[in-house]
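First comes the structure, then the notes that go with it.
Nothing in this text is a laboratory measurement; each read-out follows from the coordinates by a stated rule. In this text the structure is predicted, and so the values were computed from the model without any measurement. We place every Cβ from the backbone using ideal geometry, glycine too, and count neighbours over all the protein chains shown.
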Amino acid sequence: MGADVRDMFMVHTMMHREFQLLPQLVRDVAEGDTKRAAVVARHAELLCLVLHLHHEGEDVILWPLLLERGGDQALAIVPTMEEQHHGIEAALELVTMLLPGWKATTRNGEALAGAFDVLFDRLLEHMTTEENKILPLAEKLVTAAEWAKLGEHGLSKSPKKDLPLVLGMTMYEGDPEVVGEVLSHAPLMARLIMPLVAPRLYASHARRVHGTATPARVGRR
Ligand SMILES: [Fe+2]
């Protein structure tokens, strides 16, 4: 059975929405309001971790499979993907360097917001290229079992306490059918509880971070 890549679109949609909102969230923190900065910083740290693990999984699992099986078609695009990942990792490093100081003092907020602008621009370009060039290849060349390992990579390395919120974030614009497919690999309890708990967790998180339980949808697909 070939890979069902719709879960990748769903994760990209979540990252698109949340990373797009980050620069303004940082800019909106009033000088000296470290309590608010801590809320925004914790949200940003979680997103940065999700992004890092998402790309690490692709580096370790997906690119080697495509290069092994995709011949010239893979050679024509995988190096671009790797280069874009390096650019994104560099932007992530800058953000990670600036975040703790800003969180503690709210100083240098514009530098941090600018770093998030750069990160978002690079991420958006990368996700669009990946959806247009990589996902059609993966559908042809990667099996469903191999594809599932990509998701497992992120799950196995994420702190367990964050998973319900990240799931809720992802479900917010997710097609219920794709959500059901993703959850079908989870243990029974999670399968039963998560559809109820995760969206409520995200709603209260979004209220706290974005000031609304229903932030603007990007509707990527
Ligand atoms: Fe991706």
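With contacts taken as Cα pairs under 8 Å at a separation of at least 6 residues, the chain carries a relative contact order of 36 percent. Against the chain, whose longest principal axis is taken from its Cα atoms, helix 188-210 shows a tilt of about 40°.
Dipole magnitude for segment 104-150: computed about the Cα centre from +1 point charges on Lys and Arg Cβ and -1 point charges on Asp and Glu Cβ, it is near 160 debye.
Rounded to the nearest 20, the Cβ-based charge dipole of segment 6-159 about its Cα centre (Lys and Arg +1, Asp and Glu -1) stands at 520 debye. When the chain is treated as a GNM with alpha-carbon contacts under 10 Å, the residue of K161, K140, K35 showing the greatest mean-square fluctuation is K161. Kindly count the pairs of lysines across segment 6-159 whose alpha carbons are less than 23 Å apart, treating pairs on different chains or eight or more residues apart as eligible. So the count works out to 4. To the nearest 10 degrees, how steeply does helix 6-27 sit against the main Cα axis of the chain, on a 0 to 90 scale? Value to nearest ten degrees: 20. Shape of the chain from its Cα gyration tensor (a ≥ b ≥ c, root eigenvalues): rounded if a/c is under 1.5, otherwise prolate when a/b > b/c, or oblate? Oblate is the answer for the chain, as a/c is 1.5 or above yet b/c matches or exceeds a/b. Within the listed set D72, D33, D117, the Gaussian network model of the chain (springs between alpha-carbon atoms below 10 Å) gives the highest mean-square fluctuation for D72.
Using the charge dipole of segment 49-164 (Lys, Arg: +1 at Cβ; Asp, Glu: -1 at Cβ; taken about the Cα centre), state which of H86, Q73, P136 has its Cα farthest towards the positive end. With unit charges placed on the Cβ atoms, the residue in question is H86.
Our coupling estimate for segment 104-114, obtained by passing each phi through the Karplus curve with A = 6.51, B = -1.76, C = 1.60 and θ = phi - 60°, is 7, 10, 6, 7, 6, x, 5, 5, 5, 4, x Hz, Gly and Pro reported as x.
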